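These notes are about the structure you will find just below.
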C-alpha cells in the first residue's frame, strides 16, 4: 500500500525548462528523446521574469511570442518523436518557480540546459546549481553535447561521504533502458576506515548489479584527492554518455548551495551530461524506483 501511494506522487513526466537559447534547445531535444525511451510525457517550461520581458522588448514582440515559440516546440517534437508534449509559461523567479512547477505537475525528472560556468549568469549559467540542489526530482544537466543513442556508458563515482542507494535505483533503470555498461569509479582514501567504507559500498552496489545482471567494471582513482578531475578524465577515457552523482550541498556562498564537486562535474569541459540526485529526496524517490525497477 505504501508503494502504491508513492507512485501517485508522479505523473511520468520529463520537465524541461527553456530560455529559448540554442543550449536549451539541445536540452529539449535530449529530454524528448529520453522521454521516448522512458515512455513519459514532456513538459516544456518557460519562466517569465525580468529577463524575459527585456528580451521581448529588444525583439519588439509581445507576450504572444512566448506562446508561439512553445507551440512550435510542441508541434515539432510531437510530430518527430510521437511523444506527448505539454507547454507552460509561468511568471515567477527562476530560482523557485521551476521547482515549484515540478512539484505541481508531479514530474519525475528534469533536464536542464546550461551554458556552463562562464556562460549566462542566471538559471542556465552557474546559478543553475541552486535549481539543481533545491530540486525535488533528479536533474540531468546538459550542455551542447547531443543525446546520441542514449547512455551506453554510465560512470558511477563511489566516495565515502554519500549514501548511494537512490543513485543505484536510477542507474538500474537507465542501464536496463539502454543496455548500459556501468563504470564504478572508486575514490582513494588514505584513512583505512574510509577506504573500508568505500569497499563495503562497492560490494553492496555490485551485489545489486549481479542480481539484476547489469554489466559493470570497477576502477580505482589513481591517487587521493582531486576526485572531481579524476572522474572527468576517467569519463572521457571511457567515452561516458552520462555521469551519475549524488549532489553534495555545501554552503559556500550566502543563499546558494555550491561546491567544487557540483561545479566541476556539472560544468565539465567534456560536456558529458550529468545526472544529479538530491539526497534530500532519498525517502520517497527511493521507494518509487525500487518499485519500478
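The values are calculated or read from the model by the stated rules, or taken from the named source; none is laboratory data. Keep in mind the model is a prediction, meaning the values are calculated, not measured. Here the Cβ is made from the backbone with ideal geometry for all residues, glycine too, and neighbour counts use every protein chain on show.
A few remarks follow.
This table checks each residue for (1) over 24 Å from residue 178 (Cα atoms); (2) within 16 Å of the chain's Cα centre (by Cα); (3) in contact (Cβ under 8 Å) with a residue 40 or more places away in the chain.
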{"site": "15", "(1), (2), (3)": "no, yes, yes"}
{"site": "28", "(1), (2), (3)": "no, yes, yes"}
{"site": "31", "(1), (2), (3)": "no, yes, yes"}
{"site": "63", "(1), (2), (3)": "yes, no, no"}
{"site": "78", "(1), (2), (3)": "no, no, no"}
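- When 177, 194 are checked against the criterion of being in contact with a helix residue (DSSP H, G or I) (Cβ under 6 Å, 6 or more places away or on another chain) and in a helix (DSSP H, G or I), 177 stands alone in meeting it.
- From the list 45, 109, 38, the lone residue that is touching a residue at least 60 places away in the same chain (Cβ under 8 Å), crowded, with 21+ Cβ neighbours inside 10 Å and under 25 Å from residue 128 (Cα atoms) is 109.
- The single condition from (1) at pLDDT 65 or above; (2) surrounded by fewer than 19 Cβ atoms within 10 Å (Cβ to Cβ) that residue 241 fails is (2).
- Test: residue in segment 76-90 that is part of a helix (DSSP H, G or I) and under 18 Å from residue 136 (Cβ atoms): no
- The lone exception for residue 45 - which of (1) at pLDDT 95 or above; (2) in a loop (DSSP other than H, G, I, E, B) it fails: (2)
- Any chance residue 25 is closer than 21 Å to residue 144 by Cα, out of contact with any helix residue (DSSP H, G or I) (no Cβ under 8 Å at 6 or more places or on another chain) and at pLDDT 95 or above: no
- Count of residues meeting criterion [out of contact with any strand residue (DSSP E or B) (no Cβ under 8 Å at 6 or more places or on another chain) and assigned to a strand (DSSP E or B)] in segment 156-174: 0
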